[in-house]
Structures are given as structure tokens and as C-alpha cells.
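Take a look at the structure below.
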Amino acid sequence: ALMKVSVGGQGPEEQMNDHGTMIPLSGIVKKARYTALFFYSSTCEHCHAQMPTLKTDYDRFHSKGFNVVGIALDVDSADFLTSIKENDIPWKCYSDFIGWGAQPAKDYMVKATPTFYLLDDKMGIVAKPTDAEELGKKLKELLP
């Protein structure tokens, strides 16, 4: 199962919950050259520590075709909304509000937060950076 979500593989299709409206992940991903999936929890301090670097890279590379999809493994919508506001998150975030039971977390074999995947516009897995800093280095290679 882990091989399915390895670099060079195809990212699983997911239905992203946007406040009750389900949106196919592939429809979001195809709009940018590269999209980082950022699996996080709104109450995770390690996740919050990644956000400043991720925001800097989002600002730097967004106009060159980079996007971020936040996938919150939350159970509480209040924490979710508060985190977006307090961290001034500029990208779209999604959550099913069932924590680790969320299908995207299962399909992408997420074992801890934060977890990153970098997908191309056809859902190909380009990289699995260990953190936002490594993601930024990869983006510098791909989007000079």
C-alpha cells in the first residue's frame, strides 16, 4: 500500500470536504503546476511551526504555478476555523472533522502530522518532503 503513494506513483483521488460540498482533489490539483498537500492538525504545534516557511514559499511560488491544499485532521470545526484565522492561512483548507479517520489520511498513508506530498497537475507524486524547508528547496528546483 505504501508503494502506491511513493514518489513516481499516482496520488489517490479524494473528495475534499469544503463545508459540506465535496470537491475532487484532481480538480484542485489540475489548476496549478505543482500542489503541496499539507496534512496537519489545527492543534498541532509542530504543524504550526511549518506554516511561516510554507507561507513564504506560497507567496514566492504561487504566481509560478504552486498551490497548497491544507488537509486538517481535526474533529472540531471551531479549532479548524480559528487556526486558519490566527495563522492567516492564504490557501484553501479542508476537513471532514473525523480526525485520523479521514479518508485522505488513510489513502495517503499519513502516520503523523505534519505530512507533505508534492503533486504535479496530473496527480503524480513528485516528492514527499519531510518538512516545509525541504519542500521549498524542491520548489526552487522545479520553479526557478
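The values are calculated or read from the model by the stated rules, or taken from the named source; none is laboratory data. Bear in mind the structure is a predicted one, so any value in this text is a computation, not a measurement. Ideal geometry is used to build each Cβ from the backbone, glycine not excepted, and the neighbour counts take in all protein chains shown. Heads up: the accessible areas ignore ligands, DNA and RNA and are worked out on the full protein's heavy atoms, side chains in. Shrake-Rupley method; radii C 1.70, N 1.55, O 1.52, S 1.80 Å.
Just a few scattered comments:
- Residue in region 73-86 that is within 21 Å of residue 56 (Cβ to Cβ) and of a type in the set (A, V, I, L, M, F, W, C) present: yes
- Selected residue (only one of 69, 75 is at pLDDT 95 or above, aliphatic (A, V, I, L, M) and in a loop (DSSP other than H, G, I, E, B)): 75
- Filter pass, residue 21 being hydroxyl-bearing (Ser, Thr, Tyr), closer than 16 Å to residue 131 by Cα and open to solvent by 40 Å² or more (accessible area, probe 1.4 Å): no
- Within region 36-51, the set of residues being open to solvent by less than 80 Å² (accessible area, probe 1.4 Å), farther than 12 Å from residue 131 by Cα and assigned to a helix (DSSP H, G or I) is empty.
- Taken over region 1-15, the criterion of being touching a helix residue (DSSP H, G or I) at 6+ places or on another chain (Cβ under 8 Å) and either in a helix (DSSP H, G or I) or crowded, with 21+ Cβ neighbours inside 10 Å (or both) is satisfied by 5, 11, 14.
- The combined condition, being in a strand (DSSP E or B) and either in contact (Cβ under 8 Å) with a residue 24 or more places away in the chain or of a type outside the set (Lys, Arg) (or both), is not fulfilled by residue 61.
- For residue 70: the one exception among (1) more than 14 Å from the chain's Cα centre (by Cα); (2) within 15 Å of residue 14 (Cα to Cα): (1)
- Residues located in region 130-144, provided they are outside any loop (DSSP other than H, G, I, E, B) and at pLDDT below 95: none
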